[in-house]
Structure formats: structure tokens, C-alpha cells
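Notes to accompany the following structure.
The values are calculated or read from the model by the stated rules, or taken from the named source; none is laboratory data. Every value quoted in this text rests on a predicted model; they were computed, and no experiment measured them. Cβ atoms come from the backbone with ideal geometry, glycine included; neighbour counts cover every protein chain shown. What goes into the accessible areas is simple: the full protein's heavy atoms, side chains included, and nothing from ligands, DNA or RNA. Shrake-Rupley method; radii C 1.70, N 1.55, O 1.52, S 1.80 Å.
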Amino acid sequence: MADRVTVIGWDGSPLTDAARSALGAATLVAGAAHHLALPEVPPHAERIRLGSASLAARRIARHRGSAVVLADGDPGFFGVVRTLRAPEHGLEVEVVPAVSAVATAFARAGMPWDDARIVVAHTRTLRRAVNVCRAHPKVAVFTSPGAGPAELALLLSGVHRTFVICEALGTEREEVTVLTSDKVADHTWRDPNVVIVVGGPQAESSGGGWLAGSVAHDPGSPPSVRGWALPVTEYAGEMATARDSETVQLRAAQLARLGPRVGDLVWDIGAGGGAFAVEAARFGAAVLAVDADADACARTHAAARRFGVQLETVHGTAPHILEDLPEPDVVRVGGGGVATLSAVAERRPARIVTHAATRDEAEARGRALAEGGYAVECALLQSVDLDTGEWAESERAVVFLLSGVRI
């Protein structure tokens, strides 16, 4: 087993005395090609080209001597330290950090970044990274081959964002480019790079925050409202219509069945005044609110602004309007009937929820879900509002809640 493993972060600046001392005593050095070419690497040391971190960790664990691993930026931030510290390798790790690539990128852009979301985009996680960019006004993306700025921009088609693309940070080839998202796919970008994706009405806040990754509201804006499944008047206000009158109990149950989360794309079909869409967005998910009524889309936009969340409205009639939408993770079908449910099931989201006013309608919707390859659950929800002055019933609602989980 290696007597000592030192992980050295490198951001292009001269190595610290601690880093030079560790390198000078190293009998094994692992890193990328540009790390192994540094003059401080001892000529007698065994050199490992760092491709798979797990393979390198196994090789280091078998080495007798002092090992050094060189990595770009802060190796403890989405870096090799996590792999080296895995229990199966049994390595004791000392870290000499450098400035992370994200911190450097935001410094080059002259922007604060305590309110930014930070994601890693690989080919297998690219769609989820894009959904975070849809849902949040400031996102830093660690890219990789096949999941770079061009791919991000292509999947964000139709969503206006500004890209700050930072190539080869800390090297002589460093370059920072600022483009709108519609121009990014026309270029070829060098690896490695970090992309800052910025846009939306809450892209900059003049208020101070206290939680990293969370956008602070402007002091003049309405305060955040505590709780979920809020009364519809919190969203639609005086613009509320009969279409916005679904019970909060139904909305709470629908949210619970779908479980929207960061990285998801939610379709809300028949969004009405946007209550469900806004609450899904408050969970951090990206949301497409679909409605055939332009006024409903306007109410949804207004509700999103009030709560400081980003979502997109799609004006059109389901199921036809759904054909060109990006792939959903979970879907609420609030309108459109059996034909819309069948069209949604063909897109294979993980979960679908809908509701019905009658048993016949519930059975028809349940069949559509089952035929589409979903395990179906149905519950009859009854809610009764009471006047707490007289403790008398003021309103009663009965509805069938159907949920489908992809088999």
C-alpha cells in the first residue's frame, strides 16, 4: 500500500511549497498529460496517465512508496478525492487544493456564484443538467466530451439563456466567450471547459442570501410563502377562474405521487392558473405548463413571477402540441382526456397522475394508463371545507385520483 497519497490541485499558477515538497518525494505520480509534463515531476517517478480514477486508485493502493495525484482545480470538488477515499482502497489522503474551475470561471465572468447551481454533465446526465438550466437562473456546468456547450444549447432550444464558456482555464490557451444560447451550437469548443448558463427574470438578485445555491429574493418582492398545496388565490389572485378551482387536497396528492425534484422535467397539461406548475417548480424541477387557453398561460406566468420560479408555458391543445416537447420525467394530466393520457404514456415518463369526476371516466383513464404500460392506482378523495366559526360544512368535493408508475 502507498505510504502516503497527496492530491495536488493545479489551476495554472506556480505550485506551492507544500506541493513542490510532495512532488519532490514522490515515487509515483498520476495525472493528465499536461500534469505529467510539469517540470516539478521527478524524472525517476513512475507515471500513470489518469483516465479512470478507480483504476488509478487500485494501482496506487498497490504501490509501495509516496504517491502524488495531480488534478485540475480543487480536487475535492467533483474531483478525484472522493474516489481515492473510497473504503475499498484503504488510502490515507492529504489534499493540497487550488482554486476550483467554477470559482475561476465566475471570477473571469465577474459574477457572484453563491446563488448558482453546479452540475456535472456527462452523456448519461446531460438531459438532467439541461433541466437544471431550464429551472434555475444561474447554473455552472462541468462539461465532458459529448456533453459540452453545443449539446447543452441544442437541448435548450427555444429557451433563451446566456452562455459564458470558459475553455482551458489556467492554461496558456485559456479563452472566455459570451454568447446567447442560439449561437453556441454553431461553434466547436475545446475540452476541458466550464459553462455558466444564465437567464430568466431572477438571474440577478440585489438581496443577500444565506444558503448557497439558493436565489435570494429582491427585498422589494413578495416574501416566500411557507407550505405547499396553497389556496389557489395565492397563485391566481383576483384572476382566478372556475378552471383554477381544483382542491388543494387533490393538488397535494398529485405532487406527492409525482415527487418532482431537481433535474426532472415536469409536464403540467391543462395547467389552468398555474398552481400545480408553480409548486412543482418550487421543488426545483423544470416545468412545461401546457394549456389551450392563452389567458391561463398568462395567469401561470404571473404566478411564476410572484413566487420567483422559472417555468415555461406552452400555448396549444393536447395531445398534438406535445409531439415536439422535450422528454418528460413525470406528468400531470389535468385536461385533455383519454387521448392525451395515451399520448403521454407513449413518451414513457416515470410517473403520470390524472383525475376524474366520475367512476366511468376514472375507469376509462385507468385503462389508458394500464394499456400504456403503467401500474395503476386509484383512490377516491373526498374533502370537506368547514366554517370554523360555526363548524358547519361550507364546501364538499369528491374526485377520483389516478396515478400510474411505469412498469
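Listing for the model above:
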{"read-out": "Separation between Cα centres of segment 124-203 and segment 15-74, rounded to whole Å", "value": "31"}
{"read-out": "Residues in segment 3-43 reached by a label modelled at ALA107 [backbone nitrogen below 20 Å; 7 Å Cα→Cβ]", "value": "8-20, 35"}
{"read-out": "Fraction of the pair-distance distribution of segment 293-407 above 19 Å, Cα-Cα pairs, percent", "value": "57"}
{"read-out": "Probe 1.4 Å - accessible area at HIS122, Å² to nearest ten", "value": "60"}
{"read-out": "Charged-residue dipole, Cβ positions (Lys, Arg, Asp, Glu), segment 292-331 about Cα centre, Debye nearest 20", "value": "360"}
{"read-out": "The chain, relative contact order [Cα under 8 Å, separation at least 6], %", "value": "11"}
{"read-out": "Solvent-accessible surface (1.4 angstrom probe) belonging to PHE77, in square angstrom, nearest 10", "value": "70"}
{"read-out": "Accessible surface, segment 41-137, averaged per residue in Å² (probe 1.4 Å)", "value": "51"}
{"read-out": "Per-residue ³J(HN,Hα) for segment 393-399, Karplus 6.51 cos²θ - 1.76 cosθ + 1.60, θ = phi - 60°, Hz, x for Gly and Pro", "value": "5, 10, 7, 10, 9, 10, 8"}
{"read-out": "Of the trypsin sites (Lys or Arg not before Pro) in segment 120-209, those whose Cβ has at most 16 other Cβ within 10 Å and which sit in DSSP loop", "value": "ARG124, ARG173, ARG190"}
{"read-out": "Simple Cβ-charge dipole of the chain, Lys/Arg +1 and Asp/Glu -1, about Cα centre, in debye nearest 20", "value": "1380"}
{"read-out": "Within a Gaussian network of the chain (alpha carbon springs, distance under 10 Å), most fluctuating of ALA256, ALA275, ALA392", "value": "ALA392"}
{"read-out": "Farthest positive-ward along segment 332-407 dipole, Cα basis, beta-carbon charges - from ALA362, GLN382, VAL405", "value": "VAL405"}
{"read-out": "Cα→Cβ-extended label distance, 7 Å offset, between LEU386 and HIS187, nm", "value": "6.3"}
{"read-out": "Convex hull of Cα atoms in segment 315-354, direction-averaged projection (nm²)", "value": "2.6"}
{"read-out": "Residue (of ALA150, THR313, ALA271) at the positive-pole extreme of the chain, dipole from beta-carbon charges", "value": "ALA150"}
{"read-out": "Solvent exposure, largest accessible area first (probe 1.4 Å, DNA, RNA and ligands not counted), of THR300, THR123", "value": "THR123, THR300"}
{"read-out": "Options [x] 44.2; [y] 24.2; [z] 21.3 - which one matches mean projected area of the Cα convex hull in nm² as calculated here", "value": "[y]"}
{"read-out": "The chain: most fluctuating residue of LEU152, LEU50, LEU250 per GNM, C-alpha cutoff 10 Å", "value": "LEU50"}
